[in-house]
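The values are calculated or read from the model by the stated rules, or taken from the named source; none is laboratory data. As the structure is a computational prediction, the values presented were derived from the model and not from experiment. No Cβ is skipped: glycine too gets one built from the backbone with ideal geometry, and neighbour counts run over all protein chains shown. When the accessible area is computed, the model is the full protein with side chains, heavy atoms only, and any ligands, DNA or RNA have been set aside. Shrake-Rupley method; radii C 1.70, N 1.55, O 1.52, S 1.80 Å.
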Amino acid sequence: MPTPRLTPLEFRKALGHFTTGVTVVTVEREPGEIQAMTANSFTSVSLDPMLILVCVDHRAKILPLLQKKKRFGVSVLKEGQEAISEYFASGEQSAETEERLSIRYRWTPSGIPILENTLLHLSCNVIASHLAGDHTIFVGEVEDAVIHKGEPLLYFRGEYRGLARHS
Ligand SMILES: Cc1cc2nc3c(=O)[nH]c(=O)nc-3n(C[C@H](O)[C@H](O)[C@H](O)COP(=O)(O)O)c2cc1C
């Protein structure tokens, strides 16, 4: 096997130069209880049918829930919501921290949980999943989208940024 030119760290650093938004993926664990994870691997896939994808690490707690429930929300974070991104990337969820960060969940009419006060909510049904290395790609068919006012939170080289206007 040829020696890889990149170490995993170099690969990660290189990909950090691709600027993304930041989303939180949400799944109902038990009635009224949400498992959520920060994800920037979110991408649009198809217009007809309306498909998106998100790549989930095999160690993530949300992975078996996505496989089982097959319904999830994607909430796109607004500028200033770095602490929410870090919270859902921390691996620990607690009611106290959610209260402090003013995190509120809402259920769509079809019963999919999303985060309130974000830029965009999508409610999705898993229509396919594909193993890809140490992640699984979940393809979701979008049932509904709700857009709110605001500017996005960006992620670049491992740091949070905001949009700058040049006018
Ligand atoms: C900005 C950002 C983007 C992330 N994107 C992803 C992603 O797309 N897929 C993923 O599996 N983990 C991603 N992570 C890491 C998870 O949020 C993190 O591993 C989290 O702890 C997993 O949740 P768990 O520990 O409750 O399983 C990201 C983290 C950050 C800070």
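Only one residue in Gly21, Gly32 is touching a residue at least 24 places away in the same chain (Cβ under 8 Å) and more than 17 Å from Val139 (Cα to Cα), so which one is that?
Details: Gly32 fails: touching a residue at least 24 places away in the same chain (Cβ under 8 Å).
Sole residue among the options that is touching a residue at least 24 places away in the same chain (Cβ under 8 Å) and more than 17 Å from Val139 (Cα to Cα): Gly21.
Going through the stretch 67-76 one residue at a time, which ones are open to solvent by less than 70 Å² (accessible area, probe 1.4 Å) and either over 23 Å from Gly162 (Cα atoms) or near the ligand (Cβ under 6 Å from one of its atoms) (or both)? Please lay out each step first, then the result.
Step one: filter the stretch 67-76 for residues open to solvent by less than 70 Å² (accessible area, probe 1.4 Å), giving 72-76.
Residues satisfying the conditions are Phe72, Gly73.
Quick one: count up the residues across the stretch 155-167 that are touching a Leu at 6+ places or on another chain (Cβ under 7 Å) and in a strand (DSSP E or B).
So the count comes out to 2.
Going by the structure shown, is Leu122 in a helix (DSSP H, G or I), open to solvent by less than 20 Å² (accessible area, probe 1.4 Å) and either modelled with pLDDT of 95 or more or within 15 Å of the ligand (Cβ to nearest atom) (or both)? So that I can check it myself, show each step before the final result.
On the way: in a helix (DSSP H, G or I): no; open to solvent by less than 20 Å² (accessible area, probe 1.4 Å): yes; either modelled with pLDDT of 95 or more or within 15 Å of the ligand (Cβ to nearest atom) (or both): yes.
Criteria not met by Leu122.
Give the residue that is surrounded by the fewest Cβ atoms within 10 Å (Cβ to Cβ), with candidates limited to residues of the stretch 77-114 that are of a type in the set (A, V, I, L, M) and within 19 Å of Ala60 (Cα to Cα).
If we take residues in the stretch 77-114 being of a type in the set (A, V, I, L, M) and within 19 Å of Ala60 (Cα to Cα), then Ala89 is surrounded by the fewest Cβ atoms within 10 Å (Cβ to Cβ).
Of all residues in the stretch 37-66, which are near the ligand (Cβ under 8 Å from one of its atoms), open to solvent by less than 50 Å² (accessible area, probe 1.4 Å) and touching a residue at least 40 places away in the same chain (Cβ under 8 Å)? Explain how you work it out, then say what you get.
Restricting attention to the stretch 37-66, the residues satisfying the condition of being near the ligand (Cβ under 8 Å from one of its atoms) are 37-42, 54-57, 59-63.
When the remaining residues are screened for being open to solvent by less than 50 Å² (accessible area, probe 1.4 Å), the result is 37-39, 41, 54-57, 60, 62-63.
Within the stretch 37-66, Met37, Thr38, Ser41, Val54, Cys55, Val56, Asp57, Leu63 meet the criteria.
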